[in-house]
Structure formats: structure tokens, C-alpha cells
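Enquirer: Before anything else, here's the structure in question.
The values are calculated or read from the model by the stated rules, or taken from the named source; none is laboratory data. Just so it is clear, the model here is predicted, and its values are computed rather than measured. Because the Cβ atoms are built from the backbone with ideal geometry, glycine has one as well, and the counts that use them run over all protein chains shown.
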Amino acid sequence: MNKIRRIAVIAISFVLIGGGALFAEGLTANEIINKANLASYYAGKDGKSDVRMTITDSQGRERVREFRILRLNIKDGGDQKFYVYFTEPADVAKMVFMVWKHPGQDDDRWLYLPALDLVKRIAASDKRSSFIGSHFVYEDVSGRGTNEDDHQLVGSEGNLHKIKNTPKDSKGVEFAYYYVWIDKANFIPMKAEYYDGQGKLIRVVEALEVKDIEGIPTVTKSHAKNFLRGGETTIDFLGIDYNVGLDESVFAERYLRRAPAKWVQ
């Protein structure tokens, strides 16, 4: 979730150390990726945000969906829990998407469909599927495991690191590799480009706006575009708040059907 505008490409010399690139900043690709993971998914002890998602299809038709995201860190860089509660429009109201994130192994993911009163487990193989019809994927919500790819620091563009990421296991992913541009100052990922095996660009995710929220650099507007299916999705994050005192019990399976009123109203 990420952004690049008017970036001057600057050539910077580098040396290879132990299979990873080490630049003047003194950080390897793995170190940068780990810092970016913490900056973008683990800020604060917990967090909540209201989200307005605008989905535009290949014909230019728009759909708007609104929801609240709750996030709790069990361990920095480790297990997390996410709870996504939909409020608008009426056909998705009270729908819930919940994730128990387990870096290094498959996450537990559920989707509650109130119209059918159905709780559906989302298989690990579906994590790259469209998130509720948008141009983001389920994995974008809680993040991709840093150990799922090989990382190579390939360059530096202005104030951004450029890293190439290649899946260790190509099964279940729609891309052959992707590049991510990461801010050198705050380690927020600003742009990601996904390519297929023929080197064709198939998807882009960008951070369009980053603000300081409670002293934490935070993406407040992001955008995804899919070149295979056409169309795009923009997300606006509103009312972001950190360290709100979420308890792990909020993320219990019983709250899939009966949302915790204190946190979703």
C-alpha cells in the first residue's frame, strides 16, 4: 500500500555481502523488509480505523464499501489478530472478516456472511484472492510473511530503497516476482509492482498519502490497480487511533456472528 511521485533515479554504488545487497545506509534487504513490516503492520500495541473503499470496475462503475478494522499485536513481528466489520452498503452490513496471523505458518482466516448466517474458513490458497471484490487481496489486509520471499536490494531511487522480492514457493501466487519501494526515513512501503513470468506488470499497490498519527507515520490513503481484470480500488483510512486498549477476547470466533458492540459502533 504505497506511493511514488516525481522520483529522480540516483545511481548508488553497492557491494554484495553474503548474498544480500548492502548500501551506504548499512542495511541489508532482509533488514529493510523486516523494518518495513513492523512500520506498516505493527505500529503501536493495537489500532483501529474506519475505512472507506471505492471500487471502480473496468467500465468505470463505482461501488463504495465502509468498514472498521481492529488490530492487536500479540508479539511485535509475530502473531497478530485482525477483525474487519462491514457497515455499508446494506448488502454487506454486519459481514466480518477475521484473521489470526501466524508468521511462518498458515494464518487462520474466517469470513462471516450474515445474509446466509454462514461462517466460512478461508483456505491458505485463497489469500491472494480478491478482498470482497476489490483490487486488493486478502493478504494485503494483514500482510505477506517476510519469510515467504527471497529479498534483493536492487537500487535506490531518491529517498526510497528498491527491493526485488521473489516467492520461495510459486504455488498459490499470481505473480513471479514483485518490486517494493520503501521510504528510507520511516520504512513505510510506498509502492509495490507485481510481475508475471513474462515480465508483464499485472498489479500495482501504492500509498497515496502518509500522515503523522499520534507520532506514528501512517498510510491514510492507498490505491490498487489490476491490469489483468481492469479497474482500480482506492482506500481512505479515517479516524485512525493507536493503543486503544483492545483485548484478545475481541477476536474470538463467537464475535463473527455477534460483533463486539463497544468496538464497532
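Enquirer: Please verify whether the range 201-216 includes one or more residues that are touching a Gly at 6+ places or on another chain (Cβ under 9 Å) and not aliphatic (A, V, I, L, M).
Expert: Yes, some residue in the range 201-216 is touching a Gly at 6+ places or on another chain (Cβ under 9 Å) and not aliphatic (A, V, I, L, M).
Enquirer: Further question: Return the residue satisfying two criteria in turn: it lies in the range 190-201 and is buried (at least 17 other Cβ atoms within 10 Å of the Cβ) and of a type outside the set (Asp, Glu), and of such residues it is farthest from HIS161 (Cα to Cα). Give the derivation first.
Expert: Within the range 190-201, the first condition is being buried (at least 17 other Cβ atoms within 10 Å of the Cβ), and the residues that meet it are 190-194.
Within this subset, residues satisfying the condition of being of a type outside the set (Asp, Glu) are 190-192, 194.
Details: MET190: 10, LYS191: 11, ALA192: 12, TYR194: 16 Å.
Out of the qualifying residues, it is TYR194.
Enquirer: Can you name the residue in the range 74-103 that is touching a Leu at 6+ places or on another chain (Cβ under 8 Å) and at pLDDT below 95 and, of all such residues, is surrounded by the fewest Cβ atoms within 10 Å (Cβ to Cβ)?
Expert: Filtering the range 74-103 for residues that are touching a Leu at 6+ places or on another chain (Cβ under 8 Å) and at pLDDT below 95, the one surrounded by the fewest Cβ atoms within 10 Å (Cβ to Cβ) comes out as ASP76.
Enquirer: Select, from ARG52, ARG71, ARG63, the only residue that is modelled with pLDDT of 95 or more, farther than 15 Å from VAL264 by Cα and basic (Lys, Arg). Even if it seems obvious, please write down each step before you answer.
Expert: Details: ARG52 fails: farther than 15 Å from VAL264 by Cα; ARG71 fails: farther than 15 Å from VAL264 by Cα.
Exactly one residue qualifies, and that residue is ARG63.
Enquirer: Take the range 229-243 and flag every residue that is modelled with pLDDT of 95 or more, surrounded by fewer than 18 Cβ atoms within 10 Å (Cβ to Cβ) and assigned to a loop (DSSP other than H, G, I, E, B).
Expert: GLY230, ASN243 - these are the residues of the range 229-243 that are modelled with pLDDT of 95 or more, surrounded by fewer than 18 Cβ atoms within 10 Å (Cβ to Cβ) and assigned to a loop (DSSP other than H, G, I, E, B).
Enquirer: Go through the range 174-189 residue by residue and tally those that are farther than 17 Å from ASN30 by Cα, modelled with pLDDT of 95 or more and either surrounded by fewer than 16 Cβ atoms within 10 Å (Cβ to Cβ) or touching a Lys or Arg at 6+ places or on another chain (Cβ under 6 Å) (or both). Can you show your working first?
Expert: Narrowing the range 174-189 to residues farther than 17 Å from ASN30 by Cα: 174-176.
Now narrow it down to the ones that are modelled with pLDDT of 95 or more: 175-176.
If we keep only those that are either surrounded by fewer than 16 Cβ atoms within 10 Å (Cβ to Cβ) or touching a Lys or Arg at 6+ places or on another chain (Cβ under 6 Å) (or both) as well, we get none.
The total comes to 0.
Enquirer: Moving on to the next point. Exactly one of these conditions fails for ILE122: (1) within 21 Å of LYS171 (Cβ to Cβ); (2) modelled with pLDDT of 95 or more; (3) of a type outside the set (S, T, N, Q). Give me its number.
Expert: So ILE122 meets the others, but not (2).
Enquirer: Exactly one of (1) surrounded by fewer than 19 Cβ atoms within 10 Å (Cβ to Cβ); (2) in contact with a Gly (Cβ under 7 Å, 6 or more places away or on another chain) is unmet by HIS135. Its number?
Expert: (1)
Enquirer: Return the only residue of LEU228, LEU246, LEU256 being hydrophobic (A, V, I, L, M, F, W, C), more than 15 Å from ASP50 (Cα to Cα) and more than 21 Å from the chain's Cα centre (by Cα).
Expert: Details: LEU228 fails: more than 21 Å from the chain's Cα centre (by Cα); LEU246 fails: more than 21 Å from the chain's Cα centre (by Cα).
None of the other options fit; the residue is LEU256.
Enquirer: Report whether or not ARG144 is under 28 Å from ALA29 (Cα atoms), under 15 Å from the mean Cα position of the chain (by Cα) and either hydrophobic (A, V, I, L, M, F, W, C) or not in a strand (DSSP E or B) (or both). Write out each step before concluding.
Expert: Details: under 28 Å from ALA29 (Cα atoms): yes; under 15 Å from the mean Cα position of the chain (by Cα): yes; either hydrophobic (A, V, I, L, M, F, W, C) or not in a strand (DSSP E or B) (or both): yes.
In short, yes.
Enquirer: Here is a check on your reading of the model: is LEU246 surrounded by 17 or more Cβ atoms within 10 Å (Cβ to Cβ), assigned to a loop (DSSP other than H, G, I, E, B) and at pLDDT 95 or above? Full working, then the answer.
Expert: Working: surrounded by 17 or more Cβ atoms within 10 Å (Cβ to Cβ): yes; assigned to a loop (DSSP other than H, G, I, E, B): yes; at pLDDT 95 or above: yes.
So LEU246 fits the description; yes.
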